[in-house]
């Protein structure tokens with residue numbers, strides 16, 4: 001990845017593996033943690049801590065939420081908090097990139113859990 005352009009905003013993608021919950025009753029979501037994840041990041045967005053650019057993209061067998069609106073430490077901290085939410089599968093990682101990236105997954109990968 002090249003040098004970030006002056007106009008590009010810092011973006012962190014939070015990738016959560018699409019690991020199905022094996023205890024789910026038939027007819028319920030196999031990924032009940034997605035609701036927890038979306039509520040958590042939406043709440044942070046409402047509080048003005050971060051801005052959720054995109055939520056719920058599926059990319060390479062991961063559920064991806066794209067966040068911005070804060071510095072790198074804050075955004076990767078949010079990824080860390082996501083990894084610690086109840087029911088979130090292990091294997092969460094963040095990708096530090098910018099708003100000019102052509103597609104998901106281009107940037108510096110930081111293993112979270």
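Does the stretch 19-33 contain at least one residue that is surrounded by 15 or more Cβ atoms within 10 Å (Cβ to Cβ) and touching a residue at least 60 places away in the same chain (Cβ under 8 Å)? Yes, that holds for at least one residue.
Taking the residues in the stretch 51-68 that are touching a residue at least 40 places away in the same chain (Cβ under 8 Å) and crowded, with 16+ Cβ neighbours inside 10 Å as candidates, determine which candidate is farthest from residue 109 (Cα to Cα). It would help to see each step written out before you state the result.
First pass over the stretch 51-68, keeping only residues touching a residue at least 40 places away in the same chain (Cβ under 8 Å): 53, 57-68.
Adding the requirement that they be crowded, with 16+ Cβ neighbours inside 10 Å leaves 53, 62-68.
Working: 53: 19, 62: 14, 63: 15, 64: 13, 65: 15, 66: 14, 67: 15, 68: 16 Å.
If we take residues in the stretch 51-68 being touching a residue at least 40 places away in the same chain (Cβ under 8 Å) and crowded, with 16+ Cβ neighbours inside 10 Å, then 53 is farthest from residue 109 (Cα to Cα).
Going by what's in this entry, would residue 14 be described as in contact with a helix residue (DSSP H, G or I) (Cβ under 8 Å, 6 or more places away or on another chain), buried (at least 16 other Cβ atoms within 10 Å of the Cβ), touching a residue at least 12 places away in the same chain (Cβ under 8 Å) and outside any helix (DSSP H, G or I)?
In short, yes.
Restricting attention to the stretch 77-92 and to residues that are surrounded by 18 or more Cβ atoms within 10 Å (Cβ to Cβ) and out of contact with any helix residue (DSSP H, G or I) (no Cβ under 8 Å at 6 or more places or on another chain), the residue that is farthest from residue 50 (Cα to Cα) turns out to be 83.
Laboratory data are not the source of any read-out in this text; all were calculated from the coordinates shown. Here the structure is a predicted model, which means the values were calculated and not measured. In this analysis, Cβ positions are derived from the backbone assuming ideal geometry, glycine residues included, and neighbour counts consider all displayed protein chains.
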